[in-house]
Amino acid sequence: MFILKNAYLVHENKTVNLLVNLNKVRILNESLDSFEQTDIIDLEGKMVLRGFSDTHMHLDKALIGDKVINQSGTLEEAIKIMTSYKPTMSDDDIYERMKKVIDMAYDNGTRYLRTNIDIDEGIKLRSLKIIHKLRDAYKHKMVIESIAFPQDSFLGNEENFKYLEQALKQGADVLGGIPAYDLDPRQHLKRLFELAKKYDVDLDVHIDETDNPNTLTIKDLISLTKTFDYQGRVTAAHCCSLASNDKEVVDQILKDAKSAELNIVPLPSTNLYLQGRGDTKNIRRGIAPIKSIVYDHKINISIGSDNIRDPFNCFGNAKPLESALISAHGAQMGATEDFNVLFDAISKNGMKIMHKDYHIENAKFFIVIDSTSPRDAIIGVAPIYGYMEDYKFILK
Ligand SMILES: [Zn+2]
């Protein structure tokens, strides 16, 4: 049994005393007088939450950046070299690298993690089986979800599509996609919606990761979301081409996205590195317009790490507060409200995408950040002060 005194529940905007007893977390309304002083830890207003969310990762590719070199630094070359490298990865290698990044993420406070896993005739279901083994091994202390991701597309290669369906049969949590890089983007999306509906899984799709303003497959994603009655179950990741379009075009798309209850996941760490490679001056940032998405259109936005030290992005520490800080720089967000938005984007909003409750009572795990406000936590990339695991409090 322990009590956390003066715990600031940042998502519920109140400071409380938390009691953890008999495998239950509850807010304590009675006086602390009857408790032993040795059972009480005074948090002095530090932030408490169920954990950070990192809803867009690629654990199967992580930590190979020193072995698989992307000379041009473009997304196209990264996809191409991975297609030939992928089948050479051993199961042990995949397991070790995935586990290492999950442990990094856990150390940095992530408790809700969604990762894309490449599914195609090259790698088959090998990486998927490994992430499911890890998902089960970690389930008492964090939530891990797999996205069956057709990185190498499937139109014109039915084998790849068959593996995608196999992945869902094997228990992949979510279905992914990458329409702009397939032969017919709308057809690609249509087949994904049909498959997702058949297996009753959410869709989480790589959308328009390009600087080309004419590539707007997000419009197809929105219209098909309505056609298939999938409102609230679809996530559009990247959405870089929005950054190359005029405000009127973007506003109309975001208005439609809101009406389809789309979630949007900008990935500034990777896209600041990959986008604008063809520009020779005023290099574009390629970040979906975060401020407009949130302030003007009230769309649920989650920010993830994306690639961690691989041919797509040579950086990455699986650290949500760092992702938020990079986003603050890239999207020019420095007001106090901006930091609240970014903090939610690395915590509560990702939990919404994963259909999880953010209230602290009855939590199976939670974290305490060594900071009393989102602004200070992000600017200082604050360390984790402690966390609850197996209903015990562990000071870091
Ligand atoms: Zn991605």
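The values are calculated or read from the model by the stated rules, or taken from the named source; none is laboratory data. The shown structure was predicted, so the numbers you read here are calculated from the model rather than taken from an experiment. Every residue, glycine among them, receives a Cβ derived from its backbone with ideal geometry; neighbour counts consider all protein chains shown.
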task: Taking the residues in segment 150-179 that are touching a His at 6+ places or on another chain (Cβ under 8 Å) and not in a loop (DSSP other than H, G, I, E, B) as candidates, determine which candidate is nearest to the ligand (Cβ to nearest atom).
output: G176
- request: For residues that are acidic (D, E) and within 25 Å of G276 (Cβ to Cβ), scanning just segment 48-101, find the one that is surrounded by the fewest Cβ atoms within 10 Å (Cβ to Cβ).
  value: D66
message: Restricting to segment 197-220, and then to whatever is assigned to a helix (DSSP H, G or I) and not acidic (D, E), can you tell me which residue is nearest to E76 (Cα to Cα)?
response: I218
- prompt: Which number in (1) of a type in the set (G, A, S); (2) surrounded by fewer than 16 Cβ atoms within 10 Å (Cβ to Cβ); (3) in a strand (DSSP E or B) marks the one condition that S146 misses?
  reply: (2)
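Just the residues that are part of a loop (DSSP other than H, G, I, E, B) and buried (at least 18 other Cβ atoms within 10 Å of the Cβ), please, taken from segment 366-392.
S371, T372, S373, A382
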- request: Of the numbered conditions (1) without any contact (Cβ under 8 Å) to a residue 60 or more places away in the chain; (2) more than 16 Å from the ligand (Cβ to nearest atom), I326 fails exactly one; give the number of that condition.
  value: (2)
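In segment 259-280, what residues are of a type outside the set (S, T, Y) and within 12 Å of the ligand (Cβ to nearest atom)?
V265, P266, L267, N271, L274
Anything in segment 225-240 that is more than 15 Å from the ligand (Cβ to nearest atom) and either charged (D, E, K, R) or surrounded by 21 or more Cβ atoms within 10 Å (Cβ to Cβ) (or both)? List them, or say none. Please lay out each step first, then the result.
Residues of segment 225-240 more than 15 Å from the ligand (Cβ to nearest atom): 225-234.
Of everything in segment 225-240, those that are more than 15 Å from the ligand (Cβ to nearest atom) and either charged (D, E, K, R) or surrounded by 21 or more Cβ atoms within 10 Å (Cβ to Cβ) (or both) turn out to be T225, K226, D229, R233, V234.
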statement: In the set I290, I253, the lone residue that is away from the ligand (no atom under 16 Å from the Cβ), more than 13 Å from I218 (Cβ to Cβ) and in contact with a helix residue (DSSP H, G or I) (Cβ under 7 Å, 6 or more places away or on another chain) is I290
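Every residue, every condition in (1) surrounded by fewer than 24 Cβ atoms within 10 Å (Cβ to Cβ); (2) under 15 Å from H238 (Cα atoms), yes or no:
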{"site": "L262", "(1), (2)": "no, yes"}
{"site": "P266", "(1), (2)": "no, yes"}
{"site": "L272", "(1), (2)": "yes, yes"}
{"site": "R277", "(1), (2)": "yes, no"}
{"site": "N300", "(1), (2)": "yes, yes"}
{"site": "G304", "(1), (2)": "no, yes"}
{"site": "I308", "(1), (2)": "no, no"}
message: Residue under question is N29, and the condition is that it be within 30 Å of the chain's Cα centre (by Cα) and more than 24 Å from A377 (Cα to Cα); does it hold?
response: no
- prompt: Is it the case that D182 is in contact with a helix residue (DSSP H, G or I) (Cβ under 8 Å, 6 or more places away or on another chain), in the same structural domain as D202 (by TED's automatic domain parsing) and acidic (D, E)?
  reply: yes
Options S34, S72: the member that is in the same structural domain as A324 (by TED's automatic domain parsing) and of a type in the set (S, T, N, Q): S72
statement: Taking first residues from segment 111-131 that are more than 24 Å from L155 (Cα to Cα) and second residues anywhere that are hydroxyl-bearing (S, T, Y) and within 14 Å of the ligand (Cβ to nearest atom), the pairs with Cβ under 7 Å that are 6 or more apart or on different chains are R114/T55; I131/T115; I131/S146
